[in-house]
1. Identify, please: which residue in the stretch 1-22 is in a helix (DSSP H, G or I) and among the basic types (Lys, Arg) and is, among those, surrounded by the fewest Cβ atoms within 10 Å (Cβ to Cβ)?
2. Within the stretch 48-96, which residues are more than 30 Å from Ile35 (Cβ to Cβ) and hydroxyl-bearing (Ser, Thr, Tyr)?
3. What's the total number of residues in the stretch 73-94 that are open to solvent by less than 100 Å² (accessible area, probe 1.4 Å) and touching a Lys or Arg at 6+ places or on another chain (Cβ under 9 Å)?
4. Every residue in the stretch 31-72 that is open to solvent by 90 Å² or more (accessible area, probe 1.4 Å), at pLDDT 85 or above and within 30 Å of Gln3 (Cα to Cα), please.
5. Could you check the stretch 23-96 for helices (runs of 4 or more DSSP H) lying wholly inside it with 3 or more residues that are closer than 24 Å to Met10 by Cβ and in contact with a helix residue (DSSP H, G or I) (Cβ under 9 Å, 6 or more places away or on another chain)?
Amino acid sequence: MAQATFSIRMDEGLKKQFDSLCSEFGMNATTAFNIFAKAVVRERRIPFEITAPADTVRDDAIAAFWEMRKIAEENGLQEMTPDDINAEIEAVRHGK
């Protein structure tokens, strides 16, 4: 069978940990990724559950909030009260 090259990027520390663990399993990273790819094709799904911990989602939301505040300040927008925010939401809901 013809061979193809597949290149990925990952954090250097993660790569070292992955290489070390693969070595403990008696294989290299290429073999591990081939096993993964074969399982995905065979099962037609990722062979494990992928989830985001609630804290990660919350942290991302908080980071997005602070980024929006920074952008608003940079553009000279005033802070809004909860009533102002609710009025904006209602206006969008009603197409105004």
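The values are calculated or read from the model by the stated rules, or taken from the named source; none is laboratory data. Predicted, not measured: the structure shown is a model, and the values here were computed from it. A quick note on method: Cβ atoms are made from the backbone with ideal geometry, for glycine too, and the neighbour counts reach across all protein chains shown. Ligands, DNA and RNA are excluded from the accessible area calculation, which covers all protein heavy atoms including side chains. Shrake-Rupley method; radii C 1.70, N 1.55, O 1.52, S 1.80 Å.
1. Applying the filter and picking the extreme gives Lys16.
2. Passing the criteria: only Thr81.
3. Residues in the stretch 73-94 being open to solvent by less than 100 Å² (accessible area, probe 1.4 Å) and touching a Lys or Arg at 6+ places or on another chain (Cβ under 9 Å): 1 in total.
4. Correct list: Ile35, Lys38, Val41, Arg42, Arg44, Arg45, Phe48, Glu49.
5. Those helices (runs of 4 or more DSSP H) span 29-43.
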